[in-house]
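*Asks:* To start, I am sharing the structure in question, which I have written as C-alpha cells.
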Amino acid sequence: MATLIHTLADHSDDVNYCAFSSSCLATCSLDKTIRVYSLSNFSELPYSPLEGHRYAVHCCCFSPSGRVLASCSTDGSTALWDSRNGHRLAVLEQPGASPVRVCRFSPQRPCLLAGAADGSVVLWNVQSFKLYRSGKVKGGSLMACAFSPNGNFFVTGSSSGDLTIWDDKMRCLYNEKAHDLGVTCCDISSHPVSDSENGFKYFQMASCGQDNQIKLWLIFFADFVGVQLKYKCTLNGHSAPVLACAFSCDGQMIVSGSVDKCVIIYETSTGNTLHTLSQHTRYVTTCAFAPHRPLLATGSMDKTVHIWQLDLKQPCVGDTLENESKVAVEDWSEDDVSAWLCAQDLSDLVGLFKMNNIDGKELLNLTKESLANELKIESLGLRNKVLQKIEELRMTISVSVPDEFLCPITRELMNDPVIATDGYSYEREAMENWISSRRSSPMTNLPLHSLMLTPNRTLKMAISRWLETKQK
C-alpha cells in the first residue's frame, strides 16, 4: 500500500528532480531554485530556497554523508552547497559552458560526475574543486548517469539511446544501444546479485527512455573477459515516454514516472506491478526512494512533489546504513548515528547522543571513560554494550585500497604485479590468462608489441608496506 501523506507546492514552475539524504529532501525546478525540507515534518529548512543559478535547475543530489548538496543547471554550472546552512561552497563551470543535465556523487571517492547537453561528462574533485577527468559520449546529449555501489564504474545514458559503462579513470568499457528514441534516466541498485552457477556478482541496473519502456540489466566484471552488460527484461506498464526510474534501497522495488502522469512501483524480481499512483496532473519527471525510511517522493510538471508512505516491509535501518556506508562511517551525520543506535536496540540513547552532537567521527572515538564522564551513562552494562557495538562497527569498516594497487583486470589487490609492454601493471596470473587468448592490451585494446611481463618490484614493495600499516 502507498499512501499520499504530504504534498510540497512551493516551486513556481516544473519540478525537475528530487533527492533524499538520511534527514532531508531536496527538490529543484525550472524556477531556478533548489528547496530543502526536513524529513521529520516536511517543513522547509530556514535557509531554503537556495538561489544562485541563472537558469533552470535540472538535477540535484546529496553526497554520501549528506553534508554537501550538488545542483546543476542550464547556465552551464554545477553548484555545491553546505546542506547544514545553505552556504554555497563552489561553482563548477562545465567545459564548453553547455547546459548541465545531470550530476551524481561517487559513493566511495570525493568525486562528482556532471553530464551536459553537448555530450561532455566530467569528474570533479569535490575537495579541491578541480576537474579530475573528462570525456564525451558520441552523438547525443548526456541525459542520465549512475555510479556502481563500490564506485569503480559508472554508467551514462544519452539522447542517442546509448548506455555507456566507464571506469573511474574515465575509460570507456562498454557501449550498448538500449532505447531507440533516447535514454532519459538510469539507476544502479546498491545491492549486488549473486549468480551461484557462474560465481559472478551482478549489479542490477534499470534504464528508461522515450520508447515508453523500462529495461532491467545485469552488469558484471568477469576475470579475463572485462565488463559485460546483460539484458534481463522489459517493463511495459507505461503508455508514454518514461522520464524517471529508481531502485529502492534494498533493490527489491523499482519506481518509474512518465509522461502519462502515472507513477508505477514494480517488484524487481518478478516485474509485477505493485502500485500505480495517478495523483499528478501533468508529466511525472522524477521519483526517489528515501534511503532509511519507507518513503517515496515523486515530482511533476504540475509544480508539486508528493510524499508517499509505503506500507511494505522495509529493510532494517541499521542494515541499510551499514551496508551502504561502511567506508564512510567517519562521515556519518548525527542522524546517521541515531539510525545506527536504533538498529542496535539502543534507541533510548538517541536523545543523549544528539544533545552531545555525536556524529560518525565522534562515535568511533568514544571510550569507556568518555561514555562515563562526558555522556554520563551510569549503567556499566549499558556502557559495555555501546562499546561492544562500536567495536563491531570498527571491525566492519572496509579499508579503501589505493586504486594503483588493484589489478585492472580483476579489480583485486595485486600479489604479484607485473608490467606489460603497454606500460600498465597487472596481477601476473590474470595477465598470463589474458594474453593466452589475445595479444591486445586490457587497458587500451591496442596490440601488444611483445608478450613479455616484467616483475614490478617497486609496486610489490609499496603494496607490502601498505598492508603492514593496515595490520598495526
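The values are calculated or read from the model by the stated rules, or taken from the named source; none is laboratory data. These figures come from a predicted structure and were not determined experimentally. We place every Cβ from the backbone using ideal geometry, glycine too, and count neighbours over all the protein chains shown. Areas reflect the complete protein model, heavy atoms only, side chains present, ligands, DNA and RNA absent. Shrake-Rupley method; radii C 1.70, N 1.55, O 1.52, S 1.80 Å.
*Asks:* Lys354: accessible area at probe 1.4 Å, nearest 10 Å²?
*Replies:* 80 Å²
*Asks:* For the chain, what % of the accessible area comes from carbon and sulfur atoms, probe 1.4 Å?
*Replies:* Carbon with sulfur: 48 percent of the solvent-accessible area.
*Asks:* P(r) of the chain in 20 Å steps, Cα pairs, percent per bin?
*Replies:* 23, 55, 22, 1
*Asks:* If you stretched the chain out fully between Met452 and Arg171, how much longer would it get, using 0.36 nm times the residue separation minus the C-alpha to C-alpha distance?
*Replies:* Length gained, Met452 through Arg171: 98.7 nm.
*Asks:* OK, next. What is the local net charge at Ala9, summed over the other residues whose Cβ is closer than 14 Å to its Cβ (Lys, Arg +1; Asp, Glu -1)?
*Replies:* -3
*Asks:* Ok, one more. Could you give the length gained by full extension between Glu330 and Glu429, i.e. 0.36 nm per residue of separation minus their alpha carbon distance, to one decimal place?
*Replies:* Computed gain between Glu330 and Glu429 is 32.0 nm.
*Asks:* Over the alpha-carbon set of segment 329-398, divide Rg by the Kirkwood Rh and report the Rg/Rh ratio to two decimals.
*Replies:* 0.91
*Asks:* What 222 nm value per residue comes from the helices of the chain, counting each DSSP H run with n ≥ 4 as -39,500 (n - 2.57) and dividing by all residues, nearest 500 deg cm²/dmol?
*Replies:* The per-residue figure over the chain is -4500 deg cm²/dmol.
*Asks:* Arranged from highest to lowest average of other beta-carbon atoms within 10 Å per residue, in what order do the peptides 143-153, 430-440 appear?
*Replies:* Descending mean neighbour count gives 143-153, 430-440.
*Asks:* Here is a further query. Once the Cβ-Cβ distance between Met461 and Asn85 is put in as r, and R0 is 41 Å, what FRET efficiency do you end up with, to the nearest 0.05?
*Replies:* That pair, Met461 with Asn85, gives E of 0.35.
*Asks:* Filter Lys138/Lys232; Lys32/Lys138; Lys130/Lys361; Lys177/Lys215; Lys177/Lys261; Lys32/Lys303 down to the pairs with a C-alpha to C-alpha distance above 18 Å, please.
*Replies:* The answer is Lys138/Lys232; Lys32/Lys138; Lys130/Lys361; Lys177/Lys261.
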